[in-house]
Amino acid sequence: MTHQFSTRGRPKLPTGWKLFVARLPLRGYDAGLGLLFGKRLLLLHHVGRVSGLDRRVVVEVVAHGRNGDVGSWTVASGFGPQSAWYQNLRHAPQTTIQIGNRRYAVTGHFLTPEEGGAIMARYAPEHPRLARRLCAFMGFTVDGS
């Protein structure tokens, strides 16, 4: 199965109802409902590289596993490397994530485009409907079988 991704330029950050929908999981974590998201979403804490303030964002987990005794989670920046959380994590990669109601101290590692592409190529056929919806939400088109 192959997928062609076209970005037509990076999508704009959400506004209006899309921004409201994008922030609903953060409200869920704030209400102590992190368990509802299972292992699909995680709450990423990061520090503003300019402000120095604590920030949070909920991102989708596209792959997770174990490397010995250490867990690993791979998330994708749907709005590209210019996303504030991505830039902040690059600046200060040691941080905390929350999955369900459990917190983990982690250090961010950044994949090459080839590594990220391989992970997303595995993700799309495993979650075809979600992949199409996410891509449409972010302004991408997917052409594949």
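Any read-out appearing in this document is the output of simple, stated calculations on the displayed coordinates, not a laboratory observation. All figures in this text were calculated on a predicted structure; none of them were measured in a lab. Don't worry about glycine lacking a Cβ; one is built from the backbone with ideal geometry, like all the others, and counts go over all protein chains shown.
Each peptide in 43-51, 90-98, 19-27 was scored by the mean count of other Cβ atoms within 10 Å over its residues; highest first, the order is 43-51, 90-98, 19-27. Using a simple spin-label model with pseudo-atoms 7 Å out from Cα toward Cβ, Asn101 and Glu114 lie 4.5 nm apart. Shown here is the pair-distance distribution of the stretch 18-132: with all Cα-Cα distances grouped in 5 Å bins from zero up to the longest one, the shares run 2, 10, 20, 24, 23, 15, 4, 1 percent. The length gained on full extension between Arg23 and Gln87, counted as 0.36 nm times the residue separation minus their Cα-Cα distance, comes to 21.1 nm.
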